[in-house]
Amino acid sequence: MRFKGKSAIVTGAASGIGRACAEKLAREGARVLLADIGEQGLQETEAAIRAAGGEALAAVCDVSDETAVKAAVKTAVKRFGAVDALVNVAGVQVTKLLVDTTYADYRKMTDVNLGGTFLMMREVLPLMKRQRSGAIVNVASELAFVGYHELACYTATKGAMVSLTRSVSLEAIPFGVRVNCVCPGATDTPIFWEGETDPEKRQRMLDQVNVEKPIGRLITTEEVANGVAFMASEDASGVVGTCLVIDGGFTAQ
């Protein structure tokens, strides 16, 4: 139980990678504040953790809203007494050619993906500095390192998250706080499927994954959660400002 007696905040916890990370940390002993805009999904994650014997508290939070972020962190401290780990997963993706991308699309991705990561770190880092311990894990993407058709702005936000992680890690480590990044490849999550329900279209999406990815399949949310838990734990005590890429070999090509 690597996180016994520890507390964590996980954003994007209503589904996908965020839910898997929250459940993984809870299984390993962490008390987890679940943050997301999806109230129903949050309740489902909270119920699953509690049913498994863990401790979790759902907090509806738009990570792009400064006031909401401050309130969520305050709730975590009030409930758990400290924040030992922060996992920033919350993100949005708009798939369009650049010329078809509206400024509102751009702002949405920037405000949530990069802005939400910034706001959460800005609130949590002073707490961790004072306690002289803690770990922050930002979940970016394999697309932080490569370009991709119809995802120019999305890839830009993920690249910026990696740069933000590296710089903040240097600010944090003198206080015993580690900041790192996990960069998943195409993962079996709602954001990957983008609401597509047609079986034939879904199969074509999987066929494309099989061609592009050396591993020949989607990464699972559990595989990403395992990487996040490692980076947040003392098993990674010497890992600072690093990106753990979990992409089935895509960026090795």
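The values are calculated or read from the model by the stated rules, or taken from the named source; none is laboratory data. From a predicted model like this one, the values you see are computed outputs, not experimental measurements. Every residue, glycine as well, gets a Cβ built from its backbone with ideal geometry; the counts of neighbours run over all protein chains shown. SASA here: full protein model, heavy atoms, side chains in, ligands and nucleic acids out. Shrake-Rupley method; radii C 1.70, N 1.55, O 1.52, S 1.80 Å.
Farthest toward the dipole's positive end in the stretch 9-125, which of VAL87, ILE37, THR101, given Cβ charges of +1 (Lys, Arg) and -1 (Asp, Glu) about the Cα centre?
Toward the positive end, the furthest listed residue is VAL87.
What's the percent breakdown of Cα-Cα distances in the chain across 5 Å bins, shortest bin first?
Using 5 Å bins, I get a P(r) of 1, 7, 14, 19, 21, 17, 12, 6, 3, 1, 0 for the chain.
For the stretch 173-182, what does the Karplus curve 6.51 cos²θ - 1.76 cosθ + 1.60, with θ = phi - 60°, yield as ³J(HN,Hα) per residue in whole Hz, taken in order and with x for Gly and Pro?
5, x, 9, x, 10, 9, 10, 9, 9, 10
Find how many whole Å separate the alpha carbon centroid of the stretch 30-96 from the alpha carbon centroid of the stretch 167-184.
21
Please give the net charge around ALA48, taking every other residue with its beta carbon less than 10 angstrom from that of ALA48, where Lys and Arg add +1 and Asp and Glu add -1. Present the calculation step by step, with values, prior to reporting the outcome.
On the way: positive: ARG19, ARG50; negative: GLU23, GLU44, GLU46.
Combined, the nearby Lys, Arg, Asp and Glu give -1.
At most 16 other Cβ atoms within 10 Å plus a DSSP loop assignment makes a site exposed; report the longest stretch of the chain without any exposed trypsin sites (Lys or Arg not before Pro).
5-95
Explain nothing, just the number: relative contact order of the stretch 123-253, from Cα pairs under 8 Å at least 6 residues apart, as a whole percent. It would help to have the intermediate numbers written out before the result.
Values: 197 pairs, mean separation 42.7, N = 131.
Relative contact order of the stretch 123-253: 33 percent.
Could you compute the net charge surrounding SER133? Neighbours are other residues with a C-beta less than 12 Å from the C-beta of SER133; K and R count +1, D and E count -1. Could you put the intermediate results ahead of the total?
On the way: positive: LYS6, LYS129, ARG130, ARG132, ARG178; negative: ASP84, GLU234.
In short, +3.
Suppose the chain between ALA82 and ASP235 were pulled fully straight at 0.36 nm per residue; how much longer would it get relative to their current alpha carbon spacing? Working shown, then result.
Values: separation 153, 0.36 × 153 = 55.08 nm, distance 2.05 nm.
Roughly 53.0 nm would be gained on extension.
What percent does the relative contact order of the stretch 138-187 come to when contacts are Cα pairs within less than 8 Å and at least six residues apart?
This gives 49 percent for the stretch 138-187.
May I ask for the equivalent-ellipsoid semi-axes of the stretch 143-253, computed as the square root of five times each C-alpha gyration tensor eigenvalue and listed largest first in whole Å?
Values: eigenvalues 174, 47, 28 Å².
Working through the eigenvalues yields semi-axes of 30, 15, 12 Å.
For the chain, set up a Gaussian network in which alpha carbons nearer than 10 Å are linked by springs, and say which option among MET205, MET120, MET109 fluctuates the most.
So, out of MET205, MET120, MET109, the one fluctuating most is MET205.
First compute the accessible area of the chain with a 1.4 Å probe, then give the percent of it belonging to carbon and sulfur atoms.
Numbers: 6070 of 11480 Å².
Its accessible area is 53 percent carbon and sulfur atoms.
Based solely on its DSSP helices, what 222 nm [θ] is calculated for the chain when runs of n ≥ 4 H residues each add -39,500 (n - 2.57) and the sum is averaged over all residues, nearest 500 deg cm²/dmol?
-14000 deg cm²/dmol
Please list, in order along the stretch 36-50, the HN-Hα scalar couplings obtained from phi with the Karplus expression 6.51 cos²θ - 1.76 cosθ + 1.60 (θ = phi - 60°), rounded to whole Hz, x for Gly and Pro.
Karplus values, whole Hz, x for Gly and Pro: 5, 8, x, 4, 5, x, 4, 4, 5, 5, 4, 5, 5, 5, 5.
Could you give each residue of the stretch 147-154 its phi-based ³J(HN,Hα) in whole Hz, using Karplus coefficients 6.51, -1.76, 1.60 with θ = phi - 60°, and x for Gly or Pro?
3J(HN,Hα) across the stretch 147-154, in whole Hz: x, 8, 4, 6, 10, 4, 6, 4.
Once the other residues with Cβ under 11 Å from the Cβ of SER64 are scored (Lys, Arg +1; Asp, Glu -1), what is the net sum?
Numbers: positive: ARG107, LYS108; negative: ASP62, ASP65, GLU66, ASP111.
Net local charge, SER64 excluded: -2.
Regarding the stretch 98-144, what is the average projected area of its C-alpha convex hull, in nm²? Each step should come with its number before you reach the end.
Details: hull surface 16.4 nm².
Across all orientations, the stretch 98-144 yields a mean hull projection of 4.1 nm².
Give me, ordered by chain and number, the residues 5 or more places off ASP247 or on other chains with an amide H under 5 Å from its own placed amide H.
GLY185
Check cross-link reach from LYS6 to the lysines: straight Cα distance under 26 Å, and skip same-chain residues fewer than eight apart.
Straight-line reach from LYS6, under 26 Å: LYS24, LYS70, LYS74, LYS78, LYS129.
Debye sum, Cα scatterers, the stretch 133-177, no solvent: what log₁₀ I/I(0) at q = 0.15, 0.30, 0.34 1/Å?
The Debye formula, applied to the Cα set alone, gives -0.43, -1.00, -1.16.
Run through the stretch 139-181 and list the GluC sites (Glu not before Pro) located in a DSSP loop whose Cβ has at most 16 other Cβ atoms within 10 Å. Mind dumping the intermediate values first?
Details: sites: GLU142, GLU150, GLU171; in loops: GLU150.
Loop-located and lightly packed - GLU150.
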